[in-house]
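Working notes, beginning with the structure itself.
The values are calculated or read from the model by the stated rules, or taken from the named source; none is laboratory data. Not measured: the values here are computed from a predicted model. No Cβ is skipped: glycine too gets one built from the backbone with ideal geometry, and neighbour counts run over all protein chains shown. Side chains included, ligands, DNA and RNA excluded: accessible areas come from the protein's heavy atoms. Shrake-Rupley method; radii C 1.70, N 1.55, O 1.52, S 1.80 Å.
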Amino acid sequence: MLSPRFLLLRSAASLTSRSFCTGGVLKQGKAPDMAEGNPLLHVSNVRNRLREIVGASTNWSDHQQAMSERMSLSNMLAKSQNDLPVKRMMDSYLEVHLPLGSEPLLREKYLTFHNTVRFGRILEDLDSLAVLISYSHTYNETLKRSPLSIVTALVDKIDMRQHIIYPDCDIKFTGHVTWVGKTSIEAKMHMSQFHDGAYSPVLDATFVMVARDPENKRAAFVNPLKPEGPEEEKLFQEGEANKVRRVDLSTASLLKVAPTDEERMIVHSLFLNTLDTKTVSFRSRVLPPNSAWMEDAKVKGLEICHPQERNIFNRIFGGFLMRKAYELGWANACSYGGCRPSLVAVDDILFQKPVEIGSLLLLSSQVCYTQGNHIQVRVHSEVFDPLTRQHNTTNVFHFTFVSDRDVPNIIPMTYGESMLYLDGKRHFNQTVQP
């Protein structure tokens, strides 16, 4: 039997009608389970817990020494997955609270100028929680420190259940492991917010994590997972299906194979619609009404990666990268649509390479597809080495936004831009029109 707390994860929809008020009159947005003295995991303690698990330090110089000492933990790694005990889903279940309504000082960190919640901060919290969930799954009580280096490999999907996140109402994150491979882990998380006397679902997120050795150089085995009951078996099978889907999408990538016949027709139709009818030339192009060239829908940024933004393994925190990419993508969508957009979904964020401390991080956002009042934005991040002049891609982010009005149609001009257009259309169809 699953515990009542664990079952809450499975019935996020029921939170809309369930009241946690058990007496007395509560202030708007202040949840009773976040009252002072309640021993629940606070969002600010998640990264502290992670530091304890791996033996990291909060001090920069001490942190470097602690990381070098982790090399001695390699002999604690399992030689095969069969050597590790089987875990249950409830073994990794976590509940983390973000008391925006209860703690005004904490609220300042999450506020925007327009008195809304900075979603980039939520992405940081989700990333940290996914790592802690994964460590909870691989927990070994006989070891003082974990020999595993668990990092984010992919943000498979984040679906928004509602567009409004109140800045003065308490938030709760729940999550657990739903699938494992030999060296990878899928963690599902849900975020809900206390408003009008009850918790309501805000978003659902699926992250894929990978386990590495103490030096973060090669893969390491993780505990197998045994589903209990039909609901857990369904979640596990969904994880298997997600893995197959990711392989299929990678195989069909436009960077590897040609567009489909239907997609080729779309590209040719866009080309014909931009030809200048007054000339008989393939080079003479005219922008159609209520449209914008893709070349004119870019916003770029640069970040110097300081030690303050490091993760527990002395690399730049993945949540920080997601926050910066999201904020740049949002700014681009806002500029393009002429109003403040709302996030619909985050899809297929791939972490290709770690970002080292001291790197120059170049971010480039591109509106790559539009439909009605929806805007699909792709953000590409790369590190630039000023000594070698080399650029290396680290991440690719995909964000779907919705505006309160129809937006101009984005029009590609070159073949490369046409591939970006088709790729954006694929991501849009996966998130908005599944």
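Heavy-atom accessible surface of the chain, averaged per residue, reaches 48 Å², computed with a 1.4 Å probe. For the range 327-434, the convex hull drawn through the C-alpha positions has a volume of 111 cubic angstrom per residue. Shape call for the range 219-344 from the C-alpha gyration tensor, a ≥ b ≥ c root eigenvalues: rounded (a/c under 1.5), prolate (a/b greater than b/c) or oblate? Oblate shape, in that a/c is at least 1.5 and b/c is the bigger or equal ratio.
Cross-linked pairs K87/K353; K353/K425; K300/K353; K87/K172; K256/K425; K87/K157: Cα-Cα separations exceed 23 Å for K87/K353; K353/K425; K87/K172; K87/K157.
Per the 1.4 Å probe, what fraction of the accessible area of the range 235-292, in percent, lies on carbon and sulfur atoms? Within the range 235-292, the accessible surface is 61 percent carbon and sulfur.
Annotation: W330 carries an accessible surface of approximately 60 Å², with a 1.4 Å probe and no ligand, DNA or RNA atoms counted.
Answer rounded, prolate or oblate for the range 43-252, using the Cα gyration tensor with square roots of eigenvalues a ≥ b ≥ c: rounded when a/c is under 1.5, else prolate when a/b is larger than b/c, else oblate.
It comes out oblate by the Cα gyration axes.
Of the listed residues S200, S134, the order by accessible area with a 1.4 Å probe, largest first, is S200, S134. Ranked by solvent-accessible area (1.4 Å probe, protein heavy atoms only, all chains present), the residues F313, F113 order from largest to smallest as F113, F313.
Across every direction, the projection of the convex hull enclosing the Cα atoms of the chain has a mean area of 24.2 nm².
Highest mean first, the peptides 96-104, 159-167, 424-432 sorted by other C-beta atoms within 10 Å per residue fall in the order 96-104, 424-432, 159-167. DSSP bridge analysis restricted to the chain gives an antiparallel fraction near 95%, rounded to the nearest 5. Exposure check, 1.4 Å probe, all protein chains in place: L362 carries approximately 40 Å² of accessible surface.
Work the Kirkwood hydrodynamic radius out for the range 214-289: mean of 1/r over every pair of different alpha-carbon atoms, inverted, in Å. Kirkwood hydrodynamic radius for the range 214-289: 17.9 Å.
The listed residues D347, D276, D296, once ranked by accessible area (1.4 Å probe) with the largest placed first, stand as D296, D276, D347.
Between rounded, prolate and oblate, where does the range 62-123 land on the alpha carbon gyration tensor, with a ≥ b ≥ c its root eigenvalues, rounded for a/c under 1.5, else prolate if a/b exceeds b/c? In terms of gyration-tensor shape, oblate.
Using a probe of 1.4 Å, the accessible surface attributed to E108 totals some 120 Å² when neighbouring protein chains are kept in position.
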